[in-house]
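Undergrad: Submitted below is the structure of interest, expressed as structure tokens.
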Amino acid sequence: MLDTNYVKPIPKYILAKIKHEDKVSYHVHAGNQRFYAYLATWKKELVKITVAVKEHKGKWYCKQVAVHGLRSPNAIVKDVEYFFLGGYVVGWHDLGLYKNRKAYEDGKWYSCERKYFDMYAPVVNLEYLKRFPEYKYSVYQNYPGSEIFRYLRFYEEYPQAEYLIKSGLKAYALSKTLVRQMQKDKSFHKWLIANRDFKMTQGGYYCHVLLKAYKQKLDLKNLQAYEERKKKFLNDYNYKTVKSVISSKDYKRFFTYLDKEEASLNIYADYIHACKYLNINLTLDKNRFPRNLRFWHDLRIDEMYQRRKIEQAKADRQRQREIRRQQRERARKFAKIVETYLPLINSPKSAKFVVIMAKSPAELVAEGKALNHCVGRGLYESKIANGQSLIFFVRKANALDKPFVTLEYSLEKKQVLQCYARGNTKPADNVMDFVNNKWLPNTNKQLKKLAA
């Protein structure tokens, strides 16, 4: 376990190295945060100390934020937090960069597992490892990654890792698959060197492909191309339909077939989708791998569209029949409600206004069009049919056929829910006075008689 009592200020020569490396790496500072690391020894244990660097208002700042030990299962961190979207965030309150202290920066060192807070940080004093004879032949100075401890731990278990780096295969320096094979078979390393190309030096071949090509004496490039193609196919959700009819044992045959037909995966996927829609038996090879795929693709797609057209027309007819049935049912319920509340037609006597109850859906539509509001758009027809509301037309006594004001009356609440003139405007005061003080009391009185 790492002891926080061993934490010391950054040595001056290390600070100079960090500043030099930062100047080389970042010619123009934009206030962004970056990390560097240096090696030291704590109680005979090799440690890596990570330093955060930032420029603020023209001044350069740095602070220690993490310490990892080569042998220790834990790391210690201070004033740093990890956010899924923002990455590592360092608090700079203690150096006076910001007034407000973040929740995670209290200046204390906290212990955590070593796999956490091991941020990308180039080591500025890699030559420090010369002090450790056990790493003399590890060619650590040629290891391309910044996770130098990970490499050293790996090297201790698999010394053959140095052969991969010396052979220009740095990208595979941490591959257990390759070093284990090298432990068992020295010829494998010679084969790697003999087949080394630019792609291999960049880690462009899958490890299992290298092993398979060596053991089965297969063409490396063709095998890698096949594996890449298979991986892309398996990881693409768009080809889910194709995967349902092509088993793993048929992959090689499947790709060979596509190449022979000069067809893309998308064309084949469309073909399979159409076949499934048409219920064509895809367990038969003649249907899974037809000769002249483009011809059968176009034919099946056309058949699918024709069938869809027929099915859509059938569905449309069925939907229209259902709409007409619902309309008839609403009309029947509407008529029954009107018959029930027909006595409400008797309006209170008035010299100026007459109230008429809507007796059909057609009357609602005509009223809505005339007054430019929504009473005729279906909702109120349903409310009447369900016994929720009644719609009444207020007309002037000297113009009974001319739409004037429309009101909605709630049978449950026994009150006027809405009362609007043309364009959903509020009626004149004398109209509202008539509706609320004469018509509504009279209507509620008649409803009581009907209920009795």
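Undergrad: Taking only the alpha carbons of the stretch 287-331, what extent do you get along each of the three principal axes, in Å, biggest first?
TA: Rounded to whole Å, the extents work out to 59, 14, 7 Å.
Undergrad: Quick check: from the Cα gyration tensor, does the stretch 246-295 come out rounded (a/c under 1.5), prolate or oblate?
TA: oblate
Undergrad: Something else: List the extent of the Cα atoms of the stretch 72-169 along each of their three principal axes, largest first, rounded to whole Å.
TA: 52, 30, 24 Å, listed from the longest principal axis down.
Undergrad: Also, quick follow-up: Given charges of +1 on the Cβ of Lys and Arg and -1 on the Cβ of Asp and Glu, with all other atoms neutral, how large is the dipole of the chain about its Cα centre, in debye to the nearest 20?
TA: 860 debye
Undergrad: Separate question: Please give me, ordered by residue number, the trypsin sites (Lys or Arg not before Pro) of the stretch 135-179 that lie in loop per DSSP and have at most 15 other Cβ atoms within 10 Å.
TA: Passing both the DSSP loop test and the Cβ count: Lys136.
Undergrad: Still on this model: Ratio of alpha-carbon Rg to the 2.2 N^0.38 Å globular estimate for the stretch 249-360, to two decimals, please.
TA: The value comes to 2.30.
Undergrad: If Arg377, Arg196 are ordered by their accessible area, calculated over protein heavy atoms with a 1.4 Å probe, which sequence runs from highest to lowest?
TA: Values: Arg377 180, Arg196 105 Å².
In descending accessible area the options line up as Arg377, Arg196.
Undergrad: Ok, one more. Could you pull out every residue, at least 5 positions away or on a different chain, whose amide H is within less than 5 Å of the one on His373? Hs are placed 1.01 Å off N in the peptide plane, and Pro or chain starts have none.
TA: Under 5 Å from the amide H of His373: Gly423.
Undergrad: Give a quick list of trypsin sites (Lys or Arg not before Pro) in the stretch 14-120 that DSSP marks as loop, anything other than H, G, I, E or B, with at most 15 other Cβ atoms within 10 Å.
TA: Lys43, Lys44, Lys57, Arg71, Lys99, Arg101, Lys102, Lys108, Lys115
Undergrad: Check which residues have an amide H placed less than 5 Å from Leu2's amide H, if you skip close sequence neighbours.
TA: Here the answer is Asn74, since their amide H atoms fall under 5 Å of that of Leu2.
Undergrad: In sequence order, what are the phi-derived ³J(HN,Hα) couplings for the stretch 177-191 according to the Karplus relation 6.51 cos²θ - 1.76 cosθ + 1.60 with θ = phi - 60°, rounded to whole Hz, with x for glycine and proline?
TA: For the stretch 177-191, the Karplus-derived couplings read 4, 6, 5, 5, 5, 5, 5, 7, 9, 5, 5, 5, 5, 5, 5 Hz, x marking Gly and Pro.
Undergrad: Still on this structure, I have one more. Give the distance, in whole Å, between the Cα centre of the stretch 255-307 and the Cα centre of the stretch 174-217.
TA: 39 Å
Undergrad: Report, in listed order, any pair from Lys8/Lys44; Lys63/Lys136; Lys23/Lys199 with a Cα-Cα distance greater than 27 Å.
TA: From Lys8/Lys44; Lys63/Lys136; Lys23/Lys199, over 27 Å: Lys63/Lys136; Lys23/Lys199.
Undergrad: Now for a separate question. When a/c is below 1.5 the answer is rounded, else prolate if a/b is larger than b/c, else oblate, so apply that to the stretch 195-296 with a ≥ b ≥ c taken from the square roots of the Cα gyration tensor eigenvalues.
TA: Prolate.
Undergrad: Same structure, new question: Sort Phe392, Phe198 by heavy-atom solvent-accessible area, probe 1.4 angstrom, most to least.
TA: Phe198, Phe392
Undergrad: In what sequence, largest accessible area first, do Phe84, Phe255, Phe132 appear using a 1.4 Å probe?
TA: Ranked from most to least accessible, the order is Phe84, Phe132, Phe255.
Undergrad: How much accessible area does His273 have with a 1.4 Å probe, in Å² rounded to the nearest 10?
TA: About 90 Å², rounded to the nearest 10.
Undergrad: I've got another one for you. Once phi is turned into θ = phi - 60°, what whole-Hz ³J(HN,Hα) does the Karplus curve with 6.51, -1.76 and 1.60 give for every residue of the stretch 12-26, x standing for Gly and Pro?
TA: 4, 5, 5, 4, 5, 4, 5, 4, 5, 4, 5, 5, 5, 7, 10
Undergrad: Cα convex hull of the stretch 308-421: mean projected area in nm², to one decimal?
TA: Numbers: hull surface 33.9 nm².
About 8.5 nm², averaged over all directions.
Undergrad: Within straight cross-link reach of Lys314, meaning Cα distance under 18 Å, which aspartates and glutamates are found once same-chain residues fewer than 8 apart are removed?
TA: Within reach: Glu303, Glu322.
Undergrad: Mind computing the radius of gyration and Dmax over the alpha-carbon atoms of the stretch 119-203? Å is fine for both.
TA: 13.1, 37
Undergrad: Can you bin the chain into rounded, prolate or oblate? Criterion: square roots of the alpha carbon gyration tensor eigenvalues sorted a ≥ b ≥ c, rounded for a/c under 1.5, prolate for a/b above b/c, oblate for the rest.
TA: Oblate, since a/c reaches 1.5 and b/c is not below a/b.
Undergrad: Search the structure for amide H atoms under 5 Å from the amide H of Val405, placed 1.01 Å from N in the peptide plane, and list their residues when 5 or more places away or on another chain.
TA: Hits under the 5 Å cutoff: Val394.
Undergrad: Helix 265-277 against the longest principal axis of the chain: what's the angle in degrees, Cα atoms only, rounded to the nearest 10?
TA: So the inclination is approximately 40 degrees.
Undergrad: Relative to the longest principal axis of the chain, what angle (0 to 90°, nearest 10) does the C-alpha long axis of helix 220-235 take?
TA: Roughly 30 degrees, rounded to the nearest 10.
Undergrad: I'd like the orientation of helix 361-371 relative to the chain: the angle between its Cα long axis and the longest Cα principal axis, in ° from 0 to 90, rounded to 10.
TA: Taking the Cα atoms of the chain, the angle to 361-371 is about 80 degrees.
Undergrad: Measure up Lys359/Lys413; Lys176/Lys217; Lys309/Lys359; Lys230/Lys309; Lys115/Lys186 against 29 Å on the Cα-Cα distance and list the ones that go over. Mind dumping the intermediate values first?
TA: Numbers: Lys359/Lys413 21 Å; Lys176/Lys217 21 Å; Lys309/Lys359 41 Å; Lys230/Lys309 36 Å; Lys115/Lys186 33 Å.
Flagged as over cut-off: Lys309/Lys359; Lys230/Lys309; Lys115/Lys186.
Undergrad: List, in order, the whole-Hz ³J(HN,Hα) value for each residue of the stretch 146-160 obtained from phi through the Karplus relation with A = 6.51, B = -1.76, C = 1.60 and θ = phi - 60°; use x for Gly and Pro.
TA: Using θ = phi - 60°, the values come out as 8, 7, 4, 5, 4, 5, 5, 5, 5, 4, 4, 8, 10, x, 5 Hz.
Undergrad: If you place +1 on the Cβ of every Lys and Arg, -1 on the Cβ of every Asp and Glu, and leave all else neutral, what size is the dipole of the stretch 34-127 about its Cα centre, to the nearest 20 Debye? Provide the component values of the computation, followed by the final result.
TA: Numbers: 16 positive and 10 negative charges, 30 e Å.
Charge dipole of the stretch 34-127: 140 debye, to the nearest 20.
The values are calculated or read from the model by the stated rules, or taken from the named source; none is laboratory data. Predicted model, so just to flag it, every value in this text is computed and none were measured. Here Cβ is always computed from backbone atoms with ideal geometry, including for glycine, and neighbour counts include all displayed protein chains. Accessible surface areas use protein heavy atoms only, side chains included; no ligands, DNA or RNA. Shrake-Rupley method; radii C 1.70, N 1.55, O 1.52, S 1.80 Å.
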